[in-house]
């Protein structure tokens, strides 16, 4: 079977549903999964309780973890099989800008520049959007203890950073998906419409929301 996209990345703010969609797409497309493991970060729970104290340690752990995972990508033969990931290394800098002080950010940037991060370019990036209210509802619903301490202001500012980042993004084919009024996990009709869109995309920038398909 011809594989249209051999390396897909799904991105978006906390709670938008990246990993759930990646798992479902992996089944549909027969792709291997490359998953971020935020729960492995030993500082993450303490960060949400006390962001100021644990921001730098949390961010540096994520940077090293993601760099290690990206280096692992280089060993994968993307021409022999397809892969789908729930993160891209570029997003690490968004969180750094959001959480670190000016001096901490300078230190982070120095470390980042001295690391050899040679990430493969995705064939397709799927950027998921949702309002702060919807993100809050989904975070509450999935019930991860440490995430319940996340402030709405943090979610709002994070979403704004993602919006600005993808406004200028042109390194891969981009599909922006407004998940506000569609259910890509529990509605088979919504999910199938998105899957059809993914299979038909060739290049450029695309936008998908409820008006993109008819019931």
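The values are calculated or read from the model by the stated rules, or taken from the named source; none is laboratory data. From a predicted model like this one, the values you see are computed outputs, not experimental measurements. When we count neighbours, we look across all protein chains shown, and the Cβ atoms used for this are built from the backbone with ideal geometry, even at glycine.
Of the numbered criteria (1) in a helix (DSSP H, G or I); (2) in contact (Cβ under 8 Å) with a residue 24 or more places away in the chain, the one residue 89 fails is (1).
Consider the stretch 1-37 and keep the residues that are assigned to a loop (DSSP other than H, G, I, E, B) and more than 15 Å from the chain's Cα centre (by Cα). The one that is surrounded by the fewest Cβ atoms within 10 Å (Cβ to Cβ) is 2.
So is residue 83 more than 22 Å from residue 144 (Cα to Cα), crowded, with 19+ Cβ neighbours inside 10 Å and within 19 Å of the chain's Cα centre (by Cα) or not? Yes. Screening the stretch 121-215 for strands (runs of 3 or more DSSP E) wholly inside it with 2 or more residues that are surrounded by 12 or more Cβ atoms within 10 Å (Cβ to Cβ) and touching a residue at least 40 places away in the same chain (Cβ under 8 Å) returns the ranges 124-129, 173-178. Among residues that are more than 22 Å from residue 183 (Cβ to Cβ), free of Cβ contacts under 8 Å to residues at least 12 places away in the same chain and either loosely packed, with under 14 Cβ neighbours inside 10 Å or in contact with a helix residue (DSSP H, G or I) (Cβ under 7 Å, 6 or more places away or on another chain) (or both), residue 113 is included. Put simply, of 61, 54, 48 the only residue that is at pLDDT 90 or above, out of contact with any helix residue (DSSP H, G or I) (no Cβ under 7 Å at 6 or more places or on another chain), farther than 27 Å from residue 181 by Cβ and in a helix (DSSP H, G or I) is 61.
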